[in-house]
Amino acid sequence: MRHWLLLLLFLSISLLSLKAQHPTAIRVGAEYGFMNLSGKMSGHWEFRHPPLGYFNPDNLENEYATGEGRMHYAGLKIELPTLKSRVTLASGLRYTNVSQQVLPFSNMSHLYLYHPSARGIDIYRLDEMNESIGYVSIPLEADIILLGYYSNWQVYLKGGIQAGVKVHEKGHILFTTPGMQTHEDEVLAETGKTPNTFYSNFYGSLGLRLTLNNGMRAGAEVVMPYLFLSKPNWSFLSSDTLPGIQFTFAVPLDPSSFK
């Protein structure tokens, strides 16, 4: 994974170095995006119905718990139009925050976690589980104009890869009985599925943007589900994502554009 980071750093520096050679072509851009996680729980968590203790090994889903998660990210980028502005290359720095939550399913009042330990099988009664993780990554992306090359309104297709590292992580289990809260670290640690230190994925989007006469750009994109290279990326849910939305804004570095 480290070679991906080195490659992205090298390409990012290369893009920045072009500023002196092409002062009128470079833009500084900002982005903000969000998407939901699929809600499918990781296989190392097992929840059962307390009275029966029934579990169907042929069913890969947890029958008595439901998960939800969201991903928010923001970043700054340097943008370089190429091929007569038909293609734009971009790289920069992005911060991503992922939050997940596991709750009782349907009419269940609590979560009943069956957890293997040195003592055998422990059963914990929980109200909820949640986790927050932050990553800093370097994206490398390119977009190409599909429609509107001679217009201020343009439809474009974007593809990219990002790689980075985890900068913070906080998992929390809320036990129904407060006295059991001392077992929180034990339960979280014994799964052996802590989030990966490295974070990387491929992504793509379809967008619509407006380019003003002074070179400023504003756009909105539909982001396709991520294709992850790193796993596991978080502890409670799988790495599957749903389509998301991203907003972008870019300003030319050349001051003469605003005269």
Which far-off residues, 5 or more places away or on another chain, put their amide H under 5 Å from the one on Glu128, with H placed in the peptide plane?
-> Leu174
Subtract the Cα-Cα distance of Asn214 and Leu103 from 0.36 nm times their separation in residues, and report this length gain in nm to one decimal.
-> 34.9 nm
Once amide H atoms are placed 1.01 Å from N in the peptide plane, what residues at a sequence separation of 5 or more from Ile245, or on another chain, have their amide H within under 5 Å of its amide H?
-> Phe34, Val223
Calculated from backbone phi, Karplus (6.51, -1.76, 1.60) coupling profile of the range 74-82 in Hz, x at Gly/Pro | 8, x, 10, 9, 9, 10, 10, x, 9
Determine ³J(HN,Hα), in whole Hz, for all residues of the range 28-40 in sequence, where each value follows from phi through the Karplus function 6.51 cos²θ - 1.76 cosθ + 1.60 and θ = phi - 60°; x replaces Gly and Pro.
-> 9, x, 10, 9, 8, x, 8, 7, 9, 7, 5, x, 6
In this model, which of Lys158/Lys231; Lys77/Lys166; Lys84/Lys158; Lys77/Lys170 are farther than 22 Å apart at the alpha-carbon?
-> Lys158/Lys231; Lys77/Lys170
Gain in length, Ser38 to Thr176, computed as 0.36 nm per residue apart minus the alpha-carbon separation, to one decimal in nm?
-> 47.1 nm
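Readers should treat all values here as calculations from the given coordinates under stated rules, not as data from a laboratory. Bear in mind that the values here come from a model prediction, so they are computed numbers and not experimental data.
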